[in-house]
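Any read-out appearing in this document is the output of simple, stated calculations on the displayed coordinates, not a laboratory observation. If you're wondering where the values come from, they're calculated on a predicted model, not measured in any experiment. Note that we place each Cβ from the backbone using ideal geometry, even for glycine, and neighbour counts take in every protein chain shown.
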């Protein structure tokens with residue numbers, strides 16, 4: 001959003017100001033990285049600024065992320081196996097699956113909740129005050 005203030009074409013592409021505009025911009029970039037690059041109707045994403053920045057976001061989100069993933073895989077492949085002992089946390093139990101799912105849900109919530117709080121929740125609260 002900070003770049004949108006500096007670049008007039010990006011600022012003018014946002015039809016709705018305030019929390020809804022933030023949600024439109026966030027959805028535009030999230031969609032560009034995750035799937036087909038769609039945007040809300042209130043954002044004129046076919047401008048030079050959004051074409052370039054969503055293209056870069058798509059490139060980074062889809063391809064550059066493979067480099068650290070391959071580095072982690074190589075690091076794990078080089079590790080030697082250690083025989084299980086009393087302190088070993090087994091990965092074939094329901095406890096491990098539950099903890100893994102719980103951590104993924106908590107990290108995902110902490111990643112997206114700030115934007116949700118600034119966007120739709122703030123917009124709804126704005127109707128009351």
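Summary of computed values
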read-out	value
Tilt relative to the chain, helix 66-78 - C-alpha long axis, 0 to 90 degrees, to 10	10
Value of relative contact order over the chain, rounded to a whole percent, pairs C-alpha under 8 Å and six or more apart	27
Taking 24, 123, 78, 86 and counting other C-beta atoms within 10 Å, the order from fewest to most	86, 78, 123, 24
The chain - mean residue ellipticity at 222 nm from DSSP helices (-39,500 (n - 2.57) per run, n ≥ 4, rounded to 500)	-19500 deg cm²/dmol
Neighbour-count order for 28, 74, fewest beta carbons within 10 angstrom listed first	74, 28
Residue exposure sequence - 63, 27 - by fewest surrounding Cβ within 10 Å	63, 27
Residue of 93, 23, 53 that the Gaussian network model of the chain assigns the largest fluctuation, springs spanning Cα pairs under 10 Å	93
Selected from 90, 17, 62 as most flexible by GNM, with the chain as the system and alpha-carbon contacts under 10 Å	90
Residue with peak Gaussian network fluctuation, the chain [Cα springs, cutoff 10 Å], from 117, 32, 97	97
Residue 66-residue 127 FRET efficiency (beta carbon distance; Förster radius 35 Å; 0.05 resolution)	0.20
Label-point gap, in nm, between residue 95 and residue 52 - each point 7 angstrom along Cα→Cβ	5.5
Global size of the stretch 1-67 as Cα Rg and Dmax, reported in angstrom	11.7, 37
Alpha-carbon gyration tensor eigenvalues x 5, square-rooted, for the chain, Å	40, 22, 10
